[in-house]
Amino acid sequence: MLPFVLGLQRYANIFNYKKIMKNFLLFLLLFSALAISCTNNAQKISQQEMINKISVIDSLVNDCGIPALQLVYHEKFNDVCVVSVPDSASFMDNDVTANSIFQAASLSKPVFAYIVMKMVDNGEIDLDKPIAEYTDIDRFEDKEQACKLTARMVLSHKSGLPNWAAGPSSEEWPTSIISFKYPADSCFSYSGEGYAFLQRAVEAIRHSTLDEIARKEVFEPFDMPTTSYRWLPQYDTLALPGFNRDSENRGTGRHPRENCAYTLRTNAVEYSRFVTALMEGKGLSKQSHKEMLTPQVHAIRYADEHRDCDSTIYWCIGIGSVKPSDAAAPKYYWHWGDNGNFKALFIFRPEDRSSVVYFTDSAKGHDIVTPILQQFFGETLPISDWINN
């Protein structure tokens, strides 16, 4: 069955709630007719439940003053896309649609991790060989420690490196000295710097740029035409600006170089296609897919302070997971993105293969993590505390 896609679009000054809800109900009736024809017994969100959830999402966006939100809820037989803009968004210069482009921030990392695992399948790279066998270690202060780093350590954030040696969009970053925060492979230490080191190896192996590799391995196979690690011409009209907590427009931001840790731009519809493909293991061997979804390290975010919210958070290859102590396998897989004035999140539940992807153009975008997850998964998860506190 073809996926059912609904766009609920609210625009400042031209919002017509009755007309939109009428069309929304017609779409839902179509979805209901399609769902009835299916013999699958998986529980689905009902029409009224989805109407209620969209109402809650709109209220959250209004109450938090988030300029724009894109959200895609996916389950086996349908995709629902919600585009929400607050009623008071007179400060928005351009309309927000399902095609609008957001900075994905750290949601860049799972795409890159998937690419590395495809290269593992091809025999191009080994998860447990030193990355120094593929590229130089010139920027590292401690060369002995740098020679211990492997792709597995980097992708599961066990490199011992800081997040960044310098601001990654700064002029000095490419030549800045990288110092270790902890010994390699000793503990969880979230690091974009480690990912950038591995990116250099991947580009050296393929003799191609990151975006060229990603287009071949991910964007084209999974129908993501406006997703890119670099600025595309269509972003001149599609890319949204980011807003700080005072609702000040801080611009779209143009990153000076492609970086696998934070420069991806996309929308919720296209990124949701990637999440579905990733979780189904499309394009990967069974072994590599299993490897990606296997917890590698207990993700105590601050090594010197074990918080309650850390207790069930583990990191796999390129993605996080929520694994209760009594569970044999993770109950959820997830990742968050934070580029300051752009916040994003995806979460996937293997039990029923449902997922939520959302993007915001606001520094307040992670204020809504808990209520969003409660709406679609019916329980409170430690993700918000892990991210925000």
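Summary of computed values
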{"read-out": "When each of 53/323; 148/331; 290/364; 53/343; 216/331 is checked by Cα-Cα distance, pairs over 23 Å", "value": "53/323; 148/331; 290/364; 216/331"}
{"read-out": "203, 193, 49 arranged by Cβ crowding within 10 Å, fewest neighbours leading", "value": "49, 203, 193"}
{"read-out": "Efficiency of FRET from Cβ geometry, residue 327 and residue 142, R₀ 30 Å, rounded to 0.05", "value": "0.20"}
{"read-out": "Neighbour-count ranking [beta-carbon atoms within 10 angstrom, fewest first] of 298, 74", "value": "298, 74"}
{"read-out": "Local electrostatic count, residue 174, Cβ distance below 13 Å [Lys/Arg +1, Asp/Glu -1]", "value": "-3"}
{"read-out": "Highest-fluctuation residue, 324, 233, 174 considered, GNM on the chain with Cα pairs under 10 Å", "value": "233"}
{"read-out": "Net charge, residue 201 excluded, C-beta distance under 14 Å - Lys, Arg +1, Asp, Glu -1", "value": "-3"}
{"read-out": "The chain, relative contact order in percent, only Cα pairs under 8 angstrom and at least six apart counted", "value": "20 percent"}
{"read-out": "Helical segments meeting 20 Å axial Cα length and Kyte-Doolittle 1.0 threshold in the chain (DSSP H)", "value": "17-36"}
{"read-out": "For 140, 112, order by how many other beta-carbon atoms lie within 10 Å, fewest first", "value": "140, 112"}
{"read-out": "FRET efficiency, 1/(1 + (r/R0)^6) with R0 41 Å, evaluated for residue 370 and residue 171 via beta carbons", "value": "0.60"}
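Quick note: the coordinates plus some simple rules give every number you see, no bench work behind them. Note that the structure is predicted; figures quoted are calculated from it, not measured. Cβ atoms come from the backbone with ideal geometry, glycine included; neighbour counts cover every protein chain shown.
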